[in-house]
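Visitor: My questions all concern the structure below.
Throughout, read-outs are computed from the coordinates displayed, never taken from laboratory work. On a predicted model such as this, the values are computed, not experimentally measured, just so you know. Quick reminder, even Gly has a Cβ in these numbers, built from the backbone with ideal geometry, and neighbours come from all protein chains shown.
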Amino acid sequence: MPVPLIWLGAAVLGAYTANTANTAYLKRKKIVDAMPGESHQYTTPVNGSIVTCGVYDVLDHTGIWVDGNIYELSGRGLVRCVSPERFLGERTGNHIYIVCDPSNNALFNMQAAKTAQSLLFSTLDYHLLSQNCHKFVAEVLSEGQHVDITSFSDLNSFLNIFFNSVIRWNLTQINFR
């Protein structure tokens with residue numbers, strides 16, 4: 001039983017190392033201006049916004065904002081709609097961040113909001129490294145087309161191209177109920 005835990009630990013460490021190295025690359029290439037936790041700007045999410053929170057300061061979890069809730073792919077492969085409190089409560093992050101342009105305007109896609117809603121309660125194959133929440137978000141944005149996304153860094157590059165903008169991750173300005 002300890003061997004799978006070692007593999008999981010090695011995978012998480014590998015993902016963390018890759019994301020750390022990619023952050024410098026993303027900034028140098030002007031793909032990302034500010035990663036989650038680096039900006040002190042607040043932006044209000046709108047339907048179709050992409051949001052993220054941290055998981056043990058190693059990984060990031062992403063979803064799509066719709067009507068004050070977040071559509072996400074759970075670790076069991078279920079597409080579900082959760083409140084912002086639950087999105088954070090099931091993770092270790094303290095803040096939800098939203099993808100924005102350099103002027104701090106939320107980047108969003110209304111079709112993504114509709115697509116996410118249509119997928120509610122669908123079950124998808126899930127794999128931490130190859131079929132995860134980042135790939136789910138990118139495929140919803142690309143209207144179901146296959147995308148080769150495995151990491152948060154890959155998602156940042158995808159968002160840069162999709163929105164044709166340098167991106168930054170701002171704190172969300174939301175009132176918890």
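Visitor: Assuming residue 86 fulfils every condition listed in (1) surrounded by fewer than 18 Cβ atoms within 10 Å (Cβ to Cβ); (2) within 14 Å of the chain's Cα centre (by Cα) apart from one, which condition is it?
Guide: Condition (2) is where residue 86 drops out.
Visitor: Out of the residues in the range 39-66 that are over 28 Å from residue 118 (Cβ atoms) and within 16 Å of the chain's Cα centre (by Cα), which is surrounded by the most Cβ atoms within 10 Å (Cβ to Cβ)?
Guide: It comes out as 54.
Visitor: On the phi > 0 side of the Ramachandran plot, out of contact with any strand residue (DSSP E or B) (no Cβ under 7 Å at 6 or more places or on another chain) and exposed (fewer than 14 other Cβ atoms within 10 Å of the Cβ): does that describe residue 143?
Guide: Working: on the phi > 0 side of the Ramachandran plot: yes; out of contact with any strand residue (DSSP E or B) (no Cβ under 7 Å at 6 or more places or on another chain): yes; exposed (fewer than 14 other Cβ atoms within 10 Å of the Cβ): yes.
Yes.
Visitor: Something else about it: Can you pull out the residues in the range 38-66 that are charged (D, E, K, R) and touching a helix residue (DSSP H, G or I) at 6+ places or on another chain (Cβ under 8 Å)?
Guide: 60
Visitor: Going through the range 117-152 one residue at a time, which ones are among the hydrophobic types (A, V, I, L, M, F, W, C) and closer than 18 Å to residue 163 by Cα?
Guide: Correct list: 136, 137, 138, 140, 141, 147, 149, 152.
Visitor: Pairs please, first residue from the range 120-143 and of a type in the set (Asp, Glu), second anywhere and buried (at least 21 other Cβ atoms within 10 Å of the Cβ), Cβ atoms under 6 Å, 6+ apart in sequence or on different chains.
Guide: Between residues of the range 120-143 that are of a type in the set (Asp, Glu) and residues that are buried (at least 21 other Cβ atoms within 10 Å of the Cβ), there is no close pair.
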